[in-house]
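What follows is a single structure, written as structure tokens, with notes after it.
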Amino acid sequence: MLTLDKPYDVLVVDEIQMLDDSERGFAWTSAVLGAAAHELHLCGEEAAVPLVQSLLELTGDELVVNRYERLSPLGVADRSLESDLTQVQKGDCVVAFSRSRIFALKREIEKTTGLRCALVYGRLPPEIRSEQAALFNDPDSGYDVLVGSDAIGMGLNLKIRRVVFDALGKFDGIRDRPLSTSQVKQIAGRAGRFGLHANTREPGIVTTLHEQDIPFLRTALAAPVTYLAYARVGWIKGTPLQAEQLNSAFDVKAPVLPRSALDDIAKQVVMQRLPDATPEEMLQAEEETKRVLSNINARRIIQKDHINLHSLEEEELAGYSVRLQRGSLGLEKQVVEAAA
């Protein structure tokens with residue numbers, strides 16, 4: 001995690017579109033709003049630009065937007081692999097979305113083609129992921145194919161010539177759902193990266209293992225940008241709280257709470273979440289939690305008095321990740337004491 005009280009001359013934050021990720025977005029929001037840097041470089045998708053502009057209106061920071069075009073072409077293959085893994089070639093990356101499926105593909109590809117496969121997926125330790133990426137990138141290593149998850153789109157430079165989607169949906173912890181257009185573009189864009197091959201402008205090719213997925217792939221890659229609507233907020237050492245019995249305290253639609261109740265709830269939350277913390281850590285965590293509760297309390301007041309001005313009645317809280325809606329953050333409103 002980024003240390004917010006350490007000063008930096010220049011800080012680079014990659015994958016800024018992760019701002020709205022329901023589980024990890026708070027870390028990116030914290031970096032944008034809280035990093036002690038003279039100059040902050042945010043790298044990522046065009047989809048994040050309006051949201052970053054909105055966030056930085058609160059801080060008064062100057063924002064300069066530089067846009068870059070992809071230097072090598074990217075195209076969809078005329079056909080899929082027609083469910084035939086013998087068509088996997090040197091330089092391919094086959095993308096799947098479960099660890100069991102990744103290992104099954106590795107075994108089948110090595111059995112049917114004789115090509116050895118490197119592996120990259122999210123739960124691998126970072127140093128192992130880097131080692132596997134290096135094996136794939138090295139033409140003399142004997143590892144000619146990469147099998148991985150969407151982790152290939154985050155923080156690795158890979159000499160992928162063709163991306164092959166095993167599927168275009170993934171399990172999100174509750175149900176199977178289609179990949180977003182942003183996810184498809186992020187993964188597909190790893191093919192044919194400029195400067196990583198002898199022919200620096202070698203086109204990247206994207207296809208699917210199964211023919212029925214080709215139309216979805218073409219539609220996703222041709223889709224216009226969908227701009228981010230929310231930045232996620234977390235607290236207490238960057239980890240969203242999980243105390244189910246305190247849900248109502250963090251519900252925008254719940255009754256307005258008196259200030260004394262906010263203090264009591266903050267103490268309960270911190271005691272449950274950080275039972276072994278030092279007194280200094282406890283105090284800091286309590287103050288952080290009270291700030292969050294105060295913002296939520298303010299939203300209740302805003303919602304009651306200005307329901308047509310701020311669309312807070314449509315806002316849902318996922319656990320304790322508070323979503324900031326672009327253009328109506330509601331955080332500059334004064335918190336007023338509720339009447340007894």
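Please express the Cα-Cα pair-distance distribution P(r) of the range 1-68 as a list of whole percents, one per 10 Å bin, running from 0 to the bin with the greatest distance.
Percent of Cα pairs in each bin: 20, 59, 21, 0.
Can you give me the relative contact order of the range 1-68 as a percent, contacts being Cα pairs under 8 Å and 6 or more apart? Numbers along the way, then the final one.
Numbers: 74 pairs, mean separation 24.4, N = 68.
Across the range 1-68, relative contact order equals 36 percent.
Considering every Cα-Cα pair within the range 1-155, what fraction, in whole percent, is farther apart than 28 Å?
Everything past 28 Å amounts to 40 percent.
Would you mind working out the magnitude of the charge dipole of the range 1-54 relative to its Cα centre, with +1 at each Lys and Arg C-beta and -1 at each Asp and Glu C-beta, to the nearest 20 Debye?
On the way: 2 positive and 10 negative charges, 41 e Å.
It comes to approximately 200 debye.
Pull up all non-local amide H partners of LEU74: gap of 5 or more, or a different chain, and H-to-H distance under 5 Å with H placed in the peptide plane.
For LEU74, whose amide H was placed from the backbone, the distant partners under 5 Å are GLY204.
Cut-off is 10 Å between beta-carbons; in what order do LYS90, LYS111, LYS267, LYS159 appear when sorted fewest neighbours first? Don't skip to the answer; put the middle values down first.
Numbers: LYS90 12, LYS111 9, LYS267 15, LYS159 18.
The fewest-first ordering by Cβ neighbours comes to LYS111, LYS90, LYS267, LYS159.
Indicate the gyration tensor shape class of the range 74-222 (rounded, prolate or oblate), computed on the Cα atoms with a ≥ b ≥ c the square roots of the eigenvalues: a/c under 1.5 is rounded; otherwise a/b larger than b/c is prolate and the rest oblate. Write down the numbers at each step before the final one.
Values: a/c = 1.29, a/b = 1.15, b/c = 1.12.
In terms of gyration-tensor shape, rounded.
For the residue pair ILE128 and GLU211, what label-to-label distance in nm results when each label sits 7 Å from Cα along the Cα-to-beta-carbon direction?
Using points 7 Å along Cα→Cβ, the separation is 3.8 nm.
Return the long-range amide H neighbours of LEU4 (sequence gap of 5 or more, or a different chain), with a cut-off of under 5 Å between placed amide H atoms.
Counting only residues 5 or more places away or on other chains, the set is empty.
Within the set LYS6/LYS170; LYS111/LYS170; LYS170/LYS267, which residue pairs have Cα atoms separated by over 31 Å?
Numbers: LYS6/LYS170 38 Å; LYS111/LYS170 26 Å; LYS170/LYS267 38 Å.
Check vs 31 Å cut-off fails for LYS6/LYS170; LYS170/LYS267.
For the range 140-148, take each phi angle, set θ = phi - 60°, evaluate the Karplus expression 6.51 cos²θ - 1.76 cosθ + 1.60, and give the result in whole Hz per residue in order, putting x for glycine and proline.
9, 7, x, 9, 9, 10, 10, 10, x
Between LEU71 and ASP84, what length in nm is gained on full extension when 0.36 nm per residue of separation is reduced by their alpha carbon distance? Write down the numbers at each step before the final one.
Numbers: separation 13, 0.36 × 13 = 4.68 nm, distance 3.13 nm.
Full extension of this stretch gives 1.5 nm more.
Values in this text are rule-based calculations from the coordinates and carry no lab data. Remember, predicted model here, so these are calculated numbers, not experimental data. When we count neighbours, we look across all protein chains shown, and the Cβ atoms used for this are built from the backbone with ideal geometry, even at glycine.
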